[in-house]
Amino acid sequence: MSNTELPPGWIAVRLEDIAEVRLGRQRSPKNHTGDQMRPYLRAANVDWNGLKLDDVKEMNFTDAEVETYRLLPGDIVLGEASGSPREVGKPALWNGQIEDCCFQNTLIRVRPAKGVDSRYLLLLLRHEALRGSFAKGARGVGIHHLGAAKLASWPIPLPPMSEQRRIAEAIEGQVSRLDAAVSDLSLAHSKADRLKSLLLGKAVSGGFSDPVPEAERFDETVIEQMSKDRASRRWKRVSPVEVQGYTPPENWTVVSLGSLSYASGYGTSTKCDYEAPGQPVLRIPNVQGGTLDLADIKCAVDSEINLSKFFLESGDLLFVRTNGSRRLIGRVGVVDRPLPYAFASYLIRFRLTPGIVEPRWVELVTQSPLWRRAIEQYAASSAGQYNLSTETLSRLPIPLPSLAVQRRTLETVDFALAGARRLASATGTAGTHANRLRAAVLARAFAGKLVPHDSNDEPAAVLLAQIQADREALATRAKSQRTRRPRNPVVVPAEAPQSPIASISPSSNAIQQEFEL
């Protein structure tokens, strides 16, 4: 944005023109212990709701390093890198909660100059993070790095000091009301999720089954006969693991998922992109709520590659096998019709032998509370990612009543969950509208359209000139002190002079509010 596009009294600057931007100190083994151990913040301490200070670690910082890496009230810390683009540049305000607290190089510190309101700058940086601007400017493969140099050159619309404060107060007022409404929506959504968990748990324990007639009891001989079935030529029996705390109802049996399947395996690792010429490929975002969402599809970049062996048939189960969130690992979708779509390598497909189990029964079991706990426990963790293998999923136990009982239970659960699904859909839609409204409020604020302008405000150009003059004076003073320093100086302990850019009064905690994504 150029100065000609900004409101009167505003100017366009780079972040480094109005703040000190510094990357934290690298964590190394030699600093794990020492006689000057001090607390430090890392990326895990920065959340969209503010700072999380329940797990602050320590490492050795010398007195000189503390002067460089100490956090002062009014500082802003941002996540420098993340495996998720949505998390890059996530900011929070430091209010001096811990004495002599420093920061690691997974964070970037922004220290506003005198005359720049920390709350205004925090809100502006949060707006950039929420709308994905930092993610677009990040570099790296797998891990997205923002970098201190990139952030230092970030364009900033700077209003007069008084207007900065008015904007921050107006945003806080409007967003606080919006957050209260979002909190109510989240509570309703949580109740819907709890209801679903209770229903699934009851279904798996046989809570919806009447006493089973002899004719509807599960026939154990069917399992052994599967190997003779034409569709089950590759079938082999796999021993199930135990799900702690579960006892199957009488007349049910427990069979491993692998024993119920005649084929399983990973998807394709071919490179995909939007509007690519090749065949469509389903990814993790397409596996939603027990079904497949086909609204967001990428295609193979190579149009010549034949992916037909990965195409989907009705009744296929697609499990999420790798994710940075433990909560999403093992999520499953049921294919309801044949699809000429392949699936990516971070999904696992299981094909069930017909006539033994309903695919949706397997989905119901694996998403019930006891099974979710077991799946999360079995998931291996590596480099911040949780992973499930085909072998691990094959050993998952599936409690089996007869097909008739499976179908009646599914009908009962569907009927009971209809209201919960409507509630979840309504809260999800309202949450999307709330996020759009929040983004609109922030966009108007930083375009100078949220609060009225005051012609009596000192223009931002005067503020910028004063910041530059203060910096030049500080540089001159530092150079003069170096020039006058004797060859063999006598070291006298003294309090280090404080930089003018650090002269910031503590800011209100009010801005540490929840910004729900």
Using +1 at the Cβ of each Lys and Arg and -1 at the Cβ of each Asp and Glu in the chain, identify which of I76, L403, S425 lies farthest towards the dipole's positive end.
I76
Based on Cα positions only, what radius of gyration and what Dmax would you give for region 246-377, in angstroms?
15.5, 54
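Just order 306-318, 109-121 by mean Cβ neighbour count inside 10 Å, highest at the front, would you?
The peptides rank, most packed first, as 109-121, 306-318.
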Using 0.36 nm times the number of residues separating H145 and H453, minus their current alpha carbon distance, what extension gain do you get?
107.2 nm
Quick calc, the chain, dipole around Cα centre from Cβ unit charges on Lys, Arg (+) and Asp, Glu (-), nearest 20 debye, gives 1000
Using the alpha-carbon atoms, what tilt in degrees (0 to 90, nearest 10) does helix 460-484 show relative to the longest principal axis of the chain?
70
Out of L199, N60, Q367, whose Cα points farthest toward the positive end of the dipole of the chain (charges: +1 Lys, Arg; -1 Asp, Glu; placed on Cβ)?
N60
Using 31 Å as the Cα-Cα cut-off, could you pick out the over-long pairs in K202/K271; K136/K449; K191/K298; K30/K114?
K202/K271; K191/K298; K30/K114
Dipole check, region 139-188, charges on Cβ (K,R +1; D,E -1), about Cα centroid: among P155, A168, S183 the Cα furthest to the positive pole belongs to P155
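How much length is gained on full extension from R373 to R194, taking 0.36 nm per residue of separation minus their Cα-Cα distance?
On the way: separation 179, 0.36 × 179 = 64.44 nm, distance 1.47 nm.
Here the segment from R373 to R194 would lengthen by 63.0 nm.
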Quick calc: nm separation of the 7 Å Cα→Cβ label points for Q36 and R477 -> 2.4
Sketch the reach of a paramagnetic label on S186 as a point 7 Å from Cα along Cα-to-Cβ, and name the residues of region 414-432 whose backbone nitrogen lies under 19 Å away.
424-432
Treating only the Cβ of Lys, Arg, Asp and Glu as charged (+1, +1, -1, -1), what charge dipole size does region 90-163 show about its Cα centre? Round to the nearest 20 debye.
300
Average silhouette area of the chain, convex hull of alpha-carbon atoms, in square nanometres
31.4
Placing one equal point scatterer on each C-alpha of region 67-196 and summing with Debye, one gets log10 I(q)/I(0) at q = 0.11, 0.12, 0.13, 0.14 Å⁻¹ equal to -0.49, -0.58, -0.67, -0.76
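Could you sort the peptides 418-430, 261-273 by per-residue average Cβ neighbour count (10 Å cutoff), highest mean leading? Write down the numbers at each step before the final one.
Working: 418-430: 14.1, 261-273: 17.1.
Ranked from most to least packed, the peptides come out as 261-273, 418-430.
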For region 1-123, what is one quarter of the convex hull surface built on the Cα atoms, given in nm²?
9.0
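Only four residue types carry charge here, +1 at the Cβ of Lys and Arg and -1 at the Cβ of Asp and Glu. Report the dipole size of region 304-423 about the Cα centre in Debye, rounded to the nearest 20. Present the calculation step by step, with values, prior to reporting the outcome.
On the way: 16 positive and 10 negative charges, 65 e Å.
Dipole of region 304-423, to the nearest 20 debye: 320 debye.
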Which residues qualify? For V255, with a placed amide H closer than 5 Å and at least 5 residues away or on another chain, they are I398, L400
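Laboratory data are not the source of any read-out in this text; all were calculated from the coordinates shown. This structure is a prediction, so every number in the text was calculated from the model and none was measured. Ideal geometry is used to build each Cβ from the backbone, glycine not excepted, and the neighbour counts take in all protein chains shown.
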